[in-house]
Structures are given as structure tokens and as C-alpha cells.
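> Structure incoming, see below.
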Amino acid sequence: MLWLGLSMALMLLLAIAVVLVPYLSQQGPEQRQLNLALYKDRRLELTGELEQGLVDPSRFNELDSELKRSLLDDAEQHQGTGKALGWQVLLPGVLLMVALSAALYWRFGAWQQLSHWQEVMTELPSLAQKALRPEPGQNLTPQQMQDLALGIRTRLSQQDDTNAWVFLGRVGFALGQKELSVDAYQKALVSEPANSSALLGLAQVELLDGDKAGLETANNALKRLLAADPANHDALLLQGFVAYQKQDYNQALSLWQKLDNALPEGDPRKAMVAARVSDARSKLQGAGHRLLVKIDVATERKANLPPSATLFVYAKAPQGGPPLAAVRLPLSRLPTEVALSDATSMIPGRSLADASSYLVGARISQSGVVGQQQAGDLSGEIGPVDSSEKQVSLILK
């Protein structure tokens, strides 16, 4: 932008030069009047000399003719020079300004973005149709999804529409752009607070990260939806996931059983719900031991944490070996709380119940890979912690 500003300033100076220089180079009215006055004075002198007999008539006529030619030559010389200089400056200046304008527009102008936007708006109906009714093997590419989001936002800037906001929320979800998706669903709910598609979509997006705030938002949205439609199958399924992520397996089991009973035989979702019911039951059977780990980061290190970091929390036997229980989740906020229990066991047949004490640790990973540690990762470990303890605090440095 600095170069653009400097270039525009240069063009302004050139424009001023193109306009002013030809005029400055031409003879003005004052110069012509001065030359004419000098001619008249000299001719009066010659006339006086003729009358006094200082010059004869033939010499007078000769000098008078020379004086007239001199006045005419001066006028033609100034006029010709002004015109030549004006064109010499004007034509190259105009050409330079045109070339510079074209170069600046090519380099800094938004013509490419404008052209792409125009293409997107032309193809928007087709893109929307493909997204809503995809044919086998013809799913939209990530770039087409980005174009679809651009087109929908453009239409929404012209006219508010609840269904379009819901559509944009789904596109944002498909692109993995949580902020775009949440914002779109919330705008849909501003105009229609009870819109079931917006409430369901918002809950689905907030469930992705699994953090406490997101789970609470998802739970509230689903409660509003179920209050208006208690038999909504999708809402029951998602609220079961909310309870499951909160490790409230009793609530998850109750919701999924209710959904399983409500689904008709032959419904493709019935097998998946039955598997969820079985999983919740198994978690309840092994949820006897539970340890709440409160995690925070040293104040001087918080500013350097990337937003995409991953938090690993684990408990293992003091003598070593693989973790007995572990949790992996996105680092959404600090401080945070993570529950380790038999339900989060890592090894089949082993759980927190197998040890009388644990080493409890956590690591904030920038790569998100369990066994890959790199510069900037934070970690901490305490213990042994007696199995009777219900809560511990850990500061990562």
C-alpha cells in the first residue's frame, strides 16, 4: 500500500506538470503588449527623426519595415515555441500516465478478485444445487465450497434470509470453519429464535471441540429444540453426545435408549444408536474411579500458545508403562478441567482401578501428535497421587 500511495503521488505530480508546463512555456498577453508598446515607442522616435530631417524618407521606410518584421518575428517565434513545447511535454506525459495507471491496476487493482466474484455469482445457482442434491461422485471441491460461501454472503448482504443463513452455517461446517458456521447459525436465530435447523446446526458445530463452553452452548440449543419438539430424533442423538462428552453416561444412556425405542424398524440410524447404547452401558460399568485434573499454564507462557494446540492429559502407574487413562482434546481455554476415569482407559482390560496411585501429567502439543514433542510444547507431571484423591491441580511450564 505504501508503494501504491507513492505511485499515486507521482502520477499527481505528472498530471500537474502536463497541464501547467505548456501554459508556462507559452507567451502571455503581458509579453505581447510589451513588445507592441516597444514597437510604438520606436516608431514614434523614427517619425520624430523624419520630421526633424535626421533621416530621409527612404531610410525611414527601411527602418520602419525592419521594425515591423522584428515585431512579427517575435510574435511568431513565441507562438511556435509554445506550441512545440506543449506537445513535447503533453504527449509523453499522457502516454506515461496511461502506462503507469495500467501497471498499477494490474499490480494492486482488484480486477482478478472482481472477475472471480462475477464468475461465482453466475455459477451460484448451480453450486447451490450441487450442494443440496449431490450426485454420486460429484461432490463439491473445497474451492467450490469456498465459492459457494462467498456467493451466499453476497446475497445475504443484499437481503437477509433465515434459510440462507442456515445454508451458510452448513457450508462453514463442511469447510471446518467453526467461526463462520456459528456466526451464520446465530444470525439465523436472531430472525427466527425457534428455527430447528439453526438450533440443530449450532449444537453440531459446538460439539466438535468438546470444550466446556461449547458443550454448554450445544446443550442449551438442544434443550430449546426439544422443548418445542420432544420427539426430534436428531436432537435426542446430539444431546446424548453432549452428555457422553460430559461423562454423564447415565444421561447419555437414557437419551439414546429413548431414541432407539422411537426409531422404526428398518431405520438406518437404528444400528448406530444401538451401538451408542452399548457403549454407554460399558462406560457405566467401568466408571468407578474418577480423577478431576485442573490444568493451567504459567502466566509468562500463555501468550505464546498457538490457538490450534492440543491438550493431552494422562495418568499412569508410578513404575512407568503406558497410561492407564488419557484424554486428548483441543486447547480451547485456560484454565480448564479434565476428568480421567476408568471410562477413559487406554489399554483393554486395564483401568485406574488397577493402581493404588498414579503419576498425573499433561502436555500441550503444537503438532497434535502424541509421541512427537517439539520446541514450544509445555508439559508437567505430579505424583504419586493416591487413588483416593478426587482432584489435583497441575501447572504446565
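The values are calculated or read from the model by the stated rules, or taken from the named source; none is laboratory data. This is a predicted model, so every value here is computed, not measured. Cβ: placed from backbone, ideal geometry, glycine included. Neighbour counts: every protein chain shown.
> Six or more apart or on different chains, Cβ under 8 Å: which pairs go from a residue in segment 382-394 that's part of a loop (DSSP other than H, G, I, E, B) to one that's of a type in the set (Ser, Thr, Tyr) and exposed (fewer than 13 other Cβ atoms within 10 Å of the Cβ)? Could you list them?
Pairs found: Ser387/Ser356.
> Can you find a residue that is in a loop (DSSP other than H, G, I, E, B), of a type in the set (A, V, I, L, M) and not assigned by TED's automatic domain parsing to the domain that holds Gly361 anywhere in segment 262-281?
yes
> Turning to a different aspect of this structure: Name the residue that is modelled with the lowest pLDDT, counting only residues in segment 234-274 that are in contact with a helix residue (DSSP H, G or I) (Cβ under 8 Å, 6 or more places away or on another chain) and of a type in the set (D, E, K, R).
Lys246
> I'd like to know if segment 128-150 contains one or more residues that are within 30 Å of Val327 (Cβ to Cβ), in contact with a Phe, Trp or Tyr (Cβ under 9 Å, 6 or more places away or on another chain) and not assigned by TED's automatic domain parsing to the domain that holds Pro330.
no
> Residues of segment 203-233 being in contact with a helix residue (DSSP H, G or I) (Cβ under 7 Å, 6 or more places away or on another chain) and of a type outside the set (A, V, I, L, M, F, W, C), which ones?
Within segment 203-233, Gln204, Glu206, Gly210, Gly214, Thr217, Asn219, Arg224, Asp229, Asn232, His233 qualify.
> Continuing with this model, one more query. How about segment 155-244: which helices (runs of 4 or more DSSP H) wholly inside it have at least 2 residues that are among the charged types (D, E, K, R) and outside the structural domain of Thr336 (by TED's automatic domain parsing)?
178-191, 212-228
> May I ask you to list pairs of residues, at least six apart or on different chains, whose Cβ atoms are under 7 Å apart, with the first in segment 236-264 being farther than 14 Å from Ser278 by Cα and the second being basic (Lys, Arg) and assigned to a helix (DSSP H, G or I)?
From segment 236-264, the pairs are Leu236/Lys258; Leu263/Lys270.
> Let me ask you something else. Got at least one residue in segment 231-247 being over 30 Å from Ser357 (Cβ atoms), under 37 Å from the mean Cα position of the chain (by Cα) and among the aromatic types (Phe, Trp, Tyr)?
Yes, that holds for at least one residue.
> Output yes when any residue across segment 299-317 is on the phi < 0 side of the Ramachandran plot, part of a loop (DSSP other than H, G, I, E, B), modelled with pLDDT of 85 or more and surrounded by 14 or more Cβ atoms within 10 Å (Cβ to Cβ), and no when none is.
The answer is yes; a qualifying residue exists.
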